Amino acid sequence: MGFLHSSAIFPVFLIFLFLFSWPITSSANSHEDFLRCLSSSLSSNDSSSISRLVYTQRSSNYTSVLESTIHNSRFITPTSRRPLVIVTPLHVSHVQATIRCSKKHGLQLRTRSGGHDFEGVSYVSEWEAPFVIVDLANLRSIDVDVEKEVAWVQSGAIMGELYYAIAQKIRTLAFPGALCHGVAFGGFISSGGYGRILNRKSVGEDLFWAIRGGGGGSFGTALSWKVKLVRVPEIVTVFSTSRTLEQNATRLLHRWQYITNQFPDGMFPSITLTTTNTTVDDRNRTVVATFNTMYLGRANELVPLMQNVFPELGITTQDCNEMSFVESILVLGLLPLENLEILLNRSYRIPYLVATPSFKAKSDYIKKPIPEIGFLGMWPQLLEPVARTVSSAA
Ligand SMILES: Cc1cc2nc3c(=O)[nH]c(=O)nc-3n(C[C@H](O)[C@H](O)[C@H](O)COP(=O)(O)OP(=O)(O)OC[C@H]3O[C@@H](n4cnc5c(N)ncnc54)[C@H](O)[C@@H]3O)c2cc1C
């Protein structure tokens, strides 16, 4: 699993932000009161369809809706705290009503777009306090403006839907986002960052006021984003090549850290570390470093570049595949290349994730190169019987 972080992403506007805070108290009947409040807040047409929007613990499909975007079985245990109610808005007014009624009746609110939070904070609660999930999966329209090179994207849209929508219109514009196509826009843009603290002056007046109180579901629910698209060539090149420890993987990895800064901007280099298999008593198990790189250009430019900067890896044209940008997302995201529509499949899980239903993941930034001895210290852990994967995007 590789992470393409969002340096080339410009959330230009965040159009809807609701500020809310809750009293700590709640009553046993709070969710009944909440439901009554919700019902009366919606227009008469909507009230008739409230069963399509609202799932209580008594609803037959409560569990399937709750678990629809839970990707980590660590958070589906008998002791996991569950929401009293899940609301799946079809319209902005449903989000507003949910927030107002939650506040009024002392219920905490969790905002969920794609449910890919590493610690499940969009659908679990550490506290005893009863809570409601507002699940934005149905608010996922995408409007791509090729002329202006921008797109309006609702928070519930997954990255795959955006990549697909752009590719349907034009192959020379793109949005460089998550490799995992099921990550949703709402959490992808509002969470994360590089760790720098920005103030009003350094972030700029427009963005400062646009995001005040928002982000990470802590203070508001962002509904829609206007993002700038980037120009890409019609053909890009991807190479993928693997080396085991016996094939000098440690030395190559170490060296890799010193050469990636010589790559041009249009390159996305990444490495994934896995093991050859997970059989407990197989003494031949070894670590495999897979070097995956996408280059915004042709193979006949990439090969000399690699030979010049990193001859030790021995990249040749045989290692390279030329394709469109959207196809490169399929390859780097470990999706089947022949089926672009898979980007629209919200429930498709790559085999690696299916094999690791329970996991702990963390993103980090390494400021100093890891010495060779550091890698040597990692190998015994990777070779433990529990499957582990480390990925790095330079
Ligand atoms: C299996 C897996 C693969 C991943 N792959 C990648 C990858 O390839 N590249 C990458 O960069 N990252 C990746 N991530 C990390 C992912 O981008 C972040 O966890 C992201 O925050 C998930 O967004 P989401 O909407 O899917 O998740 P959610 O769990 O729905 O939301 C994450 C956080 O954002 C908040 N939030 C969600 N929607 C809104 C909203 N509309 N308004 C305000 N707050 C909101 C939530 O409350 C929560 O705090 C991956 C994570 C997982 C679990």
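Test Asn248 against the stated conditions and say whether it is modelled with pLDDT under 95 and more than 8 Å from the ligand (Cβ to nearest atom). Answer is no for this residue. The single condition among (1) at pLDDT below 95; (2) under 22 Å from the mean Cα position of the chain (by Cα) that Asn277 does not satisfy is (2).
The residue that is modelled with the lowest pLDDT, counting only those in segment 186-226 that are in a helix (DSSP H, G or I) and near the ligand (Cβ under 7 Å from one of its atoms), is Ser190. Counting residues in segment 337-360 that are assigned to a helix (DSSP H, G or I), under 13 Å from Val238 (Cβ atoms) and not assigned by TED's automatic domain parsing to the domain that holds Leu173 gives zero. Per this entry, Val303 is counted among residues that are at pLDDT 95 or above, touching a helix residue (DSSP H, G or I) at 6+ places or on another chain (Cβ under 9 Å), buried (at least 18 other Cβ atoms within 10 Å of the Cβ) and more than 26 Å from Cys180 (Cβ to Cβ). Taking the condition under 27 Å from Ala174 (Cα atoms) and of a type in the set (Asp, Glu), does Glu312 pass? No; evaluated as a whole, the condition is false for this residue.
Do we find that Thr276 is of a type in the set (S, T, N, Q), touching a Leu at 6+ places or on another chain (Cβ under 8 Å) and either touching a residue at least 12 places away in the same chain (Cβ under 8 Å) or surrounded by fewer than 17 Cβ atoms within 10 Å (Cβ to Cβ) (or both) in this structure? Here the answer is no, as Thr276 does not meet what is asked. On inspection, Phe291 fails the criterion of being part of a loop (DSSP other than H, G, I, E, B) and surrounded by 15 or more Cβ atoms within 10 Å (Cβ to Cβ). Could you check, for segment 318-334, whether at least one of its residues is acidic (Asp, Glu), surrounded by 16 or more Cβ atoms within 10 Å (Cβ to Cβ), farther than 21 Å from Ile166 by Cα and not assigned by TED's automatic domain parsing to the domain that holds Phe118? Yes.
The values are calculated or read from the model by the stated rules, or taken from the named source; none is laboratory data. Keep in mind it's a predicted model, so treat the numbers as computed, not measured. We place every Cβ from the backbone using ideal geometry, glycine too, and count neighbours over all the protein chains shown.
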